[in-house]
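*Asks:* Sharing a structure, written as structure tokens. Questions coming.
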Amino acid sequence: MTKSVELCYNESKKKGGGIVQKIELEQMNREMTASSDAMAQADVAWLQTIEQAASSIRRNAQQQPIVLLSGPSGSGKTTTAFLIERFLDRWGVETHTISMDHFFCSLTPQQRELAAAGKLDLESPARVDAPYLNTLLRQIAEGQPTWLPHYDFRTTTRCDKWRLLTRKPGELLILEGIHALNPEVVTLPEEMTERLYVSVRTRAADGETVLHPSRLRLLRRMLRDKNFRHRSVAETLVMFEHVQAGEHKYIAPYKKRASISIDTFLPYELGIYKTLLDGELEAELSHPVLEELRRMWDKVIPLPLEQVPSDSLVREFAGGSTFQY
């Protein structure tokens, strides 16, 4: 039976085989500004969710030493993986986290031109060098010294000898990436893997206006792209349709393979995005998704970034994280 580890707020309902939460914007504003430690309390609740997932992984560590963690873009996969690793390390279960992004194939000059023109499917599993990935995963599982690669998103090239990893008996490996649950990409025997799916499952509502979780993840992408990938809000919006199509085609079909599901929503994140993206969303840009965001935007109370702890999932997108991505 699927174990569901969910961060729950307010109203819940079943949708698409999973639990969908809904919280009213007014309630969020009120709760996140009620006291100076309201945001810290939200992070405590979030870490309790992560601890539950880590505890489940620890129970199955001997039989399932490889943890596959998947989720759509902007779901907070990397921070979730690092937080799980931190819990396991503290419990004496040495854990290593690697990102599937580093196994992307380098783009040729022609592919870079197509990508810039929006004519290259950047969400496709074909971007992952699957034979190379699985060869290295098997070496790691067998305890062989293995050189891990590094992918540079600025140059869209991969270096194949970046860091040496030797997994010792009893240690765990977390592999996080959008295609981690796709059995055609990761071909390890199913019985040796624990599988997690993370995404935003909470909808923010303001009367009849309900913000879909994909819009919250879009706000995260806007921040990440601005801070780390030198993309404007306009460029992120241009890619949004392709990203969503890729989610439906390449990621969602495999989420039912997960034994653990985590909602990565934090109740203060809209307030942080209000602080950091306000001028960006009010710019002279025309896009249906922006219009949807703007219907709620004026009522969001901005919150100070300095109150967000360095190990918060929001830091993955806003910057200043404890973790090295």
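*Asks:* With viscosity set to 1.002 mPa s at 20 °C, what whole-number translational diffusion coefficient in µm²/s follows for region 9-144 from Stokes-Einstein and a Kirkwood radius over Cα pairs? Please list the in-between numbers first.
*Replies:* Details: Rh = 18.7 Å.
Translational diffusion coefficient: 114 µm²/s.
*Asks:* Which value, in debye to the nearest 20, describes the size of the charge dipole of region 3-317 about its Cα centre when Lys and Arg Cβ atoms bear +1, Asp and Glu Cβ atoms bear -1, and nothing else is charged?
*Replies:* On the way: 41 positive and 43 negative charges, 141 e Å.
Approximately 680 debye in magnitude.
*Asks:* Give, in whole angstrom and from largest to smallest, the semi-axes √(5λ) of the equivalent ellipsoid of region 65-157, with λ running over the eigenvalues of the Cα gyration tensor. Please report the intermediate quantities before stating the final value.
*Replies:* Numbers: eigenvalues 162, 56, 22 Å².
The answer is 28, 17, 11 Å, longest axis first.
*Asks:* Give me the one-decimal nm value for the distance between modelled label points at residue 241 and residue 187, 7 Å along each residue's Cα-to-Cβ direction.
*Replies:* In this crude spin-label approximation the distance works out to 3.6 nm.
*Asks:* Moving to a separate point now. Would you mind computing, in nm to one decimal, how far apart the modelled labels at residue 117 and residue 52 are, each placed 7 Å from Cα along Cα→Cβ?
*Replies:* Distance between the two pseudo-spin positions: 4.9 nm.
*Asks:* Across region 200-325, what fraction of all alpha-carbon pairs, as a whole percent, falls in each successive 10 Å bin from zero upward?
*Replies:* Histogram of Cα-Cα distances, whole percents per bin: 11, 41, 38, 10, 0.
*Asks:* Subtract the Cα-Cα distance of residue 228 and residue 164 from 0.36 nm times their separation in residues, and report this length gain in nm to one decimal.
*Replies:* Numbers: separation 64, 0.36 × 64 = 23.04 nm, distance 2.52 nm.
Length difference between fully extended and current span is 20.5 nm.
*Asks:* Right, another one. At a 10 Å Cβ-Cβ cut-off, how would you order 259, 73, 106, fewest neighbours first? List each step's numbers first, then the result.
*Replies:* Values: 259 19, 73 22, 106 15.
Lowest to highest Cβ neighbour count: 106, 259, 73.
*Asks:* Go ahead and estimate [θ] at 222 nm for the chain from helices alone: -39,500 (n - 2.57) per DSSP H run with n ≥ 4, summed, over the residue count, rounded to 500. Provide the component values of the computation, followed by the final result.
*Replies:* Numbers: 10 runs with 121 residues, N = 325.
-11500 deg cm²/dmol, from helical runs alone.
*Asks:* Also, quick follow-up: Using alpha carbons only, how many angstrom separate the centre of region 65-110 from the centre of region 156-222?
*Replies:* Using only Cα atoms to place each centre, the spacing works out to 7 Å.
*Asks:* May I ask for the equivalent-ellipsoid semi-axes of region 104-144, computed as the square root of five times each C-alpha gyration tensor eigenvalue and listed largest first in whole Å?
*Replies:* Numbers: eigenvalues 172, 17, 6 Å².
Ellipsoid half-lengths, sorted descending, are 29, 9, 5 Å.
*Asks:* Could I ask something else about it? Considering only DSSP beta bridges whose two residues both sit in region 3-317, what percent are antiparallel, to the nearest 5? Mind dumping the intermediate values first?
*Replies:* Details: 15 of 40 bridges.
Of the beta bridges lying entirely in region 3-317, close to 40 percent run antiparallel.
*Asks:* Let me ask something else. So how do 43, 298, 121 line up by other beta-carbon neighbours within 10 Å, fewest first? All intermediate terms of the calculation are to be shown ahead of the outcome.
*Replies:* Values: 43 19, 298 10, 121 16.
Least to most surrounded, the residues fall as 298, 121, 43.
*Asks:* Ok, one more. How fast does region 3-317 diffuse by Stokes-Einstein, in µm²/s, taking the Kirkwood radius from C-alpha pairs at 37 °C and 0.692 mPa s?
*Replies:* On the way: Rh = 20.4 Å.
Calculated translational D: 161 µm²/s.
*Asks:* Out of 87, 308, 290, whose Cα points farthest toward the positive end of the dipole of region 3-317 (charges: +1 Lys, Arg; -1 Asp, Glu; placed on Cβ)?
*Replies:* It is 87, whose Cα lies furthest towards the positive end.
*Asks:* Multiplying the sequence separation of residue 311 and residue 41 by 0.36 nm and subtracting their Cα-Cα distance, what value in nm do you get?
*Replies:* On the way: separation 270, 0.36 × 270 = 97.20 nm, distance 1.36 nm.
Computed gain between residue 311 and residue 41 is 95.8 nm.
*Asks:* Taking the convex hull of the Cα atoms, report for region 253-325 its projected area averaged over all directions, in nm². Walk me through the numbers on the way to the answer.
*Replies:* Details: hull surface 28.8 nm².
That works out to 7.2 nm², a quarter of the Cα hull's surface.
*Asks:* Report, as a whole number in µm² per second, the diffusion coefficient that Stokes-Einstein gives for region 168-267 at 4 °C and 1.567 mPa s using the Kirkwood radius over alpha carbon pairs.
*Replies:* On the way: Rh = 15.8 Å.
D, rounded to a whole number, is 82 µm²/s.
*Asks:* Provide 162, 46 in ascending order of the number of other Cβ atoms located within 10 Å of each residue's Cβ, fewest first.
*Replies:* On the way: 162 13, 46 23.
By the 10 Å Cβ count, ascending: 162, 46.
We did not get these values from a lab; they are worked out from the coordinates using the rules stated. Treat the numbers as computed from the prediction; the structure is a model and nothing was measured. FYI the Cβ positions are ideal-geometry reconstructions off the backbone, even for glycines, and counts take in every protein chain you see.
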